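One structure is given below, encoded as structure tokens.
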Amino acid sequence: MDGGHVILYIGRAFPIAAHRNSVTVLAFGLDDEFEVAEHLDGPPGTGRRVRSAVIPAGQWHRLHTPASTMAFLYLDAGDQSWKKLAASGTPGPRGCAIGMAVEEMALQVLRRLGMV
């Protein structure tokens, strides 16, 4: 990352209404895919199923997560490294990028961290 601070959460994801974050978030489904909603009010099963997503700061979004382990990496507000990660993926719903090039490597590392 470009420096600054990051916060990593590994654990169960809870149902959260549509929202936006003040920082960019990298989301990973460690045990299973999760869903990035196409429409903020869309029910589960109507979005894109993915293993990873880059959610830019300020972007309204809603994730439908299974009852499995998720990892969320919250980047420092000044960190711009997420742009390269997003460019390595595919444009996804609501301004998110999905399927980053480093997805498999990141999933392996995050799974190991979650076991600590």
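The values are calculated or read from the model by the stated rules, or taken from the named source; none is laboratory data. Remember, it's a predicted structure, so these values are computed and weren't measured experimentally. Note that we place each Cβ from the backbone using ideal geometry, even for glycine, and neighbour counts take in every protein chain shown. Heads up: the accessible areas ignore ligands, DNA and RNA and are worked out on the full protein's heavy atoms, side chains in. Shrake-Rupley method; radii C 1.70, N 1.55, O 1.52, S 1.80 Å.
Which of the following values of percent of Cα pairs over 19 Å apart was calculated from the structure shown: (i) 40; (ii) 71; (iii) 63?
Derived directly from the coordinates: (i).
Compare the peptides 28-40, 48-60 by average per-residue count of other Cβ atoms within 10 angstrom and give them in order, highest first. Each step should come with its number before you reach the end.
Numbers: 28-40: 17.6, 48-60: 19.3.
Result, highest mean first: 48-60, 28-40.
Sequence gap at least 6, Cα distance under 8 Å: using those rules, report the relative contact order of the chain to the nearest whole percent.
Working: 258 pairs, mean separation 39.5, N = 116.
So the answer I get is 34 percent.
Could you please state, rounded to a whole Å, how far the C-alpha centre of segment 22-64 is from the C-alpha centre of segment 95-114?
14
If you put +1 on each Lys and Arg Cβ and -1 on each Asp and Glu Cβ, how big is the dipole of the chain around its Cα centre, in Debye rounded to 20?
Values: 11 positive and 11 negative charges, 7 e Å.
Magnitude of the dipole: close to 40 debye.
Whole number in Å², please: accessible area per residue of the chain, 1.4 Å probe, ligands, DNA and RNA not counted. Walk me through the intermediate numbers first.
On the way: 6420 Å² over 116 residues.
Using a 1.4 Å probe on heavy atoms only, each residue of the chain averages 55 Å².
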